[in-house]
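In what follows, a structure is listed as structure tokens, so that the remarks can point back to it.
The values are calculated or read from the model by the stated rules, or taken from the named source; none is laboratory data. These figures come from a predicted structure and were not determined experimentally. Cβ atoms come from the backbone with ideal geometry, glycine included; neighbour counts cover every protein chain shown. With ligands, DNA and RNA removed, areas are computed over all heavy atoms of the protein, side chains included. Shrake-Rupley method; radii C 1.70, N 1.55, O 1.52, S 1.80 Å.
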Amino acid sequence: MTVSQEQDIWRQRAEALCIRSQAFIGGRFTDALDGRRFDCVSPIDGRVVARVAECSDADVDRAVSAARQAFDDRRWCGLAPARRKAVLLAFAQSVEDHAEELALLETIDMGKPISDSLSVDVPAAARCLRWYAEAVDKVYGEVAPTADNVLATITREPLGVVAVVVPWNFPMIMTAWKIAPALAAGNSVVVKPAEQSPLTALRLAELAAEAGLPDGVLNVVPGFGPVAGRALGLHGDVNGAFFTGSTEVGKLFLQYSGQSNMKRIGLECGGKSAQIILESCSDLDTAAQAAAGAIFFNQGEMCTAGSRLVVQRSIHDKVMERLVAHASTYRPGDPLAPKTTMGALVDEQHTRRVLEYVDIGRGEGARLVTGGARVRVDSGGCYVEPSIFDGVSNAMRIAREEIFGPVLSVITVADADEAVAVANDSDYGLAAAVWSDDVNVLHQVTRRLKAGVVYANCYDADDITVPFGGFKQSGIGRDKSLHALEKYTELKSTWLRLR
Ligand code: NAD
């Protein structure tokens, strides 16, 4: 089959999709109470692919009370752990069984290449669900070493009703990272997907119900952040709100909690991550290739994007030459074409914002060595070339602010000490990387980098077993691994006086 035949097949499948566009509350699809809907526009070509229920405060109330009822009558949290595990395993299996459909929904909704949706997003979401399912009946409580006349147990209990508010860059994975541990712990959940990408969350809720998740345990309220997201953050009957998105909105969630019921808040926010390449690295080509992938994969719409490249002066020219060559392998193309390596940015507004940063970089005196333009304009979609600025100082806005697009800022330094100082001179602290052949240098630099995730001689290594999250204004708390269960549970100490 030729590439264009394959592309046609994906297009036909996309046209034939049956898109769920209502809210999912109490185990069934339902319109918003006031009947409002918003356009779900595909960034591939600017077409409206669905008109999605626009949930308001009243819909959030409905979803929270469905979740509360499900929690209070213990239809989920009261099930034997082995039974909850079986339901979540069936849910994970169903995600795998619907891989093509989910991948297509993700791609038409937010513009990433179909090959990435198929090879990264769907498998990662299914793996996450399965991993936490398997943990359900393997996490034990503790018995404290008290005196003989008392017994003190330390156990974990679900929080209750949990709100999950997620962004659009990895809609399915971000949702899975939160709902999998939250459900495994026995909570009832209300998800607010990003308005740019509501489609997979709605389908996931339906698949979960079909797999046996009781009604009301997983609800989805699509809508706008300042309405539906805010209503969840301020709701007096939500016990915890777990957010992934910008630092700006993350801070609002801290306020919402203080203004309402002091609900627990978990935040996974933005980043301006530094990748350091030192002269003690002999394989500059591998480092440059990883550096390009770290900023251009997923169109640069990654919280961990390695958006600042910090290079030692002595190897600057060699790195730049290789970097530009690797950048050219990311060519914006039709996300439904299986060979496309770079898709569309999520929407028109974000595309304009990214291009504005290109102008800001030029205005600040940085040198654009490749890219910088909008392309494929005739498609009606949102495509920007991979773009690299050289001669950037860490004080420039393009080095300090999260662009969340395919724009790399290259900063030149004298040595490892300056590299660490530059890397740490940021409000953010999500990820950081260092490249060197010297294990002593790697050890010293990784220890000094102020970031939640640090890579040595790699970038974006990933496994569900390893915690993920940031220092400083990149967030509070961790997703993934057994540590994530701590977020979704209360610790209870129980004393039993013995004779
Ligand atoms: P965003 O903060 O604009 O939106 C995220 C979510 O919050 C969406 O569901 C949105 O509707 C909602 N929201 C927006 N305004 C709100 C308000 N006033 N009250 C309540 N909810 C509101 O972020 P985005 O543009 O969707 O995503 C990009 C951001 O997400 C980037 O900053 C990126 O770094 C971050 N991100 C972080 C991680 C991580 O794990 N650290 C992962 C992915 C993305």
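A few comments on the model shown:
- Within the stretch 303-323, residues that are within 16 Å of the ligand (Cβ to nearest atom) reach partners that are in a helix (DSSP H, G or I) with beta carbons closer than 7 Å, at six or more positions or on different chains, in the pairs ALA305/ALA294; ALA305/ILE295; GLY306/ALA291; GLY306/ALA294; GLY306/ILE295; SER307/ILE295; ARG308/ALA399.
- Residue, surrounded by the most Cβ atoms within 10 Å (Cβ to Cβ), within the stretch 60-82, restricted to residues that are in contact with a strand residue (DSSP E or B) (Cβ under 6 Å, 6 or more places away or on another chain) and within 16 Å of ARG36 (Cβ to Cβ): ALA63
- Being under 17 Å from ALA67 (Cα atoms) and assigned by the TED database to the domain that holds GLY46 holds for only one residue in VAL221, VAL136, VAL166, and it is VAL221.
- Per-region count, the stretch 17-35, residues outside any loop (DSSP other than H, G, I, E, B) and open to solvent by less than 30 Å² (accessible area, probe 1.4 Å): 4
- The number of residues in the stretch 475-499 being among the aliphatic types (A, V, I, L, M), assigned to a strand (DSSP E or B) and under 30 Å from CYS303 (Cβ atoms) comes to 2.
- Of the helices (runs of 4 or more DSSP H) lying entirely inside the stretch 394-458, those containing at least 3 residues that are farther than 29 Å from LEU345 by Cα span 416-424, 439-448.
- Qualifying residue in the stretch 235-249 (condition: free of Cβ contacts under 8 Å to residues at least 24 places away in the same chain and open to solvent by 40 Å² or more (accessible area, probe 1.4 Å)): yes
- Some residue of the stretch 141-162 being open to solvent by less than 10 Å² (accessible area, probe 1.4 Å), part of a helix (DSSP H, G or I) and in contact (Cβ under 8 Å) with a residue 60 or more places away in the chain: no
- The set of residues from the stretch 185-203 being open to solvent by less than 10 Å² (accessible area, probe 1.4 Å) and more than 15 Å from the ligand (Cβ to nearest atom) comprises GLY186, ASN187, SER188.
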